[in-house]
Amino acid sequence: MRKVFLFLLLFSITLLPNVSFSKGHSDHSDHSDHSDHGSDGMGFYIHSGIRIHLDKTFDAEEEKEQVDEASTHSHFEIGYNFNESFSIISDIKVEGGDHGHSHGEEESETPKDKFFEEHKSIVNKLYLNFKKDDLTIYAGKFSPSVGLDFHLFPGAYGYQEPEGYSLLQKIGGGFQIMKDLGDAGTHKFNASTFYADTTSLSHSRINNDGRKKKSDGGVSNTEDFSSFAISLEGKDFFSLDNNFIDGFRYKLGYAKQAKGTGGEADEKRMSIGLMHTSYLSEDLKLTLIGEYMDIEKLGGEKGHDRTYTIYGFNLQHGKFTLGGTLTYKDNDATEADENVDDNVRQISLGYYVEENFKVDIGYKRKKVSNEVSEIGGITLYYVFDWPSGGHDHHDH
């Protein structure tokens, strides 16, 4: 509880200088927000977010680790709306490199220069979706809703750490209830039950690493519905006399992943996510974001707990942005090599060439297992919608 209190205190303190400048409803229509995706019209639709990293590791523990790398992290959401209520939704993800599919959790055994090598193509989601008024029911392959959408974290590399601990590629189903309370905000309650994907969709279509099997073990790899996740989130608050409420957003989450074959324990996690947008002047907007994720029995290990704490900011002036995050990974483990705290800091200066195309110049410093590396690079980000406009985002 002390860590939770400290997280809330630090996030609140950072808001104090900006509260009096809040202006109007905050704009959450940034293309990085995939929290509600779909289409209002009938038939097929496509939403894509193509991100290309051109990176150089210019400082590392060993000279051979100073490599150049070109990689992509791209999503292609393809859906079909049968009518106003019923649709089928898929998400194809293409990613690669140490800054792609490993997301800071694992590094390549042999560092080398790479030009779009070691990429994977994954059916990240494929589910049926039924929506009627305030109720949504979904079933298939999806991402259970616990923490904040990792695409909300600012900076060229901001999504990588929270994606690394997100719950992805699960089979199951759930429901979501949304309630619009007017000035008191729009709130969503989401609950789902699931297990790790062991179908033919569990392996990559590029650089195939094999289909996942129940015998591989791991949390939620049970082929039964003994794992679950719940979350509550709210945004779009408005007040004429309280500048803090306007522009505020929150998300609370909890999940249990049941132990798989050979596992020692169930993994349990809880999260608190906060976000606030305010105007420092007529044309200068500041967004602050923070998330606290506490994981007990990480990966089903009895002797290993981990806490992630992320603080982030984004300043936008016209077409220019300046954003970054600071991530602390606190490990409490019985094994000496696992009982080491890590941290990652990253920042980037961005420019919108046009509404759907952005260029960032970024820097990232990682401290992992007491080894420090520094990365600099250029990130290109392009968003494409077909048909253009009218999309309604989903978060599962």
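The values are calculated or read from the model by the stated rules, or taken from the named source; none is laboratory data. It should be emphasised that the depicted structure is a prediction, and the values quoted were computed from it without experimental measurement. Positions of Cβ are backbone-derived with ideal geometry, glycine not excepted, and every protein chain shown enters the neighbour counts.
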Q) Does region 108-120 hold any residues that are of a type outside the set (D, E, K, R) and either touching a Phe, Trp or Tyr at 6+ places or on another chain (Cβ under 9 Å) or farther than 28 Å from Arg269 by Cβ (or both), and which are they? A) Thr110, Pro111, Phe115, Phe116, His119
Q) Which condition does Glu354 not pass, out of (1) in contact with a strand residue (DSSP E or B) (Cβ under 8 Å, 6 or more places away or on another chain); (2) surrounded by fewer than 17 Cβ atoms within 10 Å (Cβ to Cβ), if it passes all the others? A) (1)
Q. If you go through region 59-89, how many residues are more than 15 Å from Gly43 (Cβ to Cβ) and small (Gly, Ala, Ser)?
A. 4
Q. Is it the case that some residue within region 133-140 is β-branched (Val, Ile, Thr), closer than 19 Å to Ser227 by Cα and under 19 Å from the mean Cα position of the chain (by Cα)?
A. no
Q | Inter-residue pairs, beta-carbon under 6 Å, first under 23 Å from Glu374 (Cα atoms) and free of Cβ contacts under 8 Å to residues at least 24 places away in the same chain and in region 145-160, second surrounded by 24 or more Cβ atoms within 10 Å (Cβ to Cβ) and not acidic (Asp, Glu), 6+ apart | A | Phe150/Pro162
Q. Can you name the residue in region 74-104 that is surrounded by 13 or more Cβ atoms within 10 Å (Cβ to Cβ) and acidic (Asp, Glu) and is also modelled with the lowest pLDDT among such residues?
A. Asp98
Q) Quick one: how many residues across region 39-53 are within 21 Å of the chain's Cα centre (by Cα) and more than 22 Å from Val123 (Cβ to Cβ)? A) 1
Q.
I'd like to check something: does region 130-138 contain any residue that is in a loop (DSSP other than H, G, I, E, B) and touching a Phe, Trp or Tyr at 6+ places or on another chain (Cβ under 8 Å)?
A. no
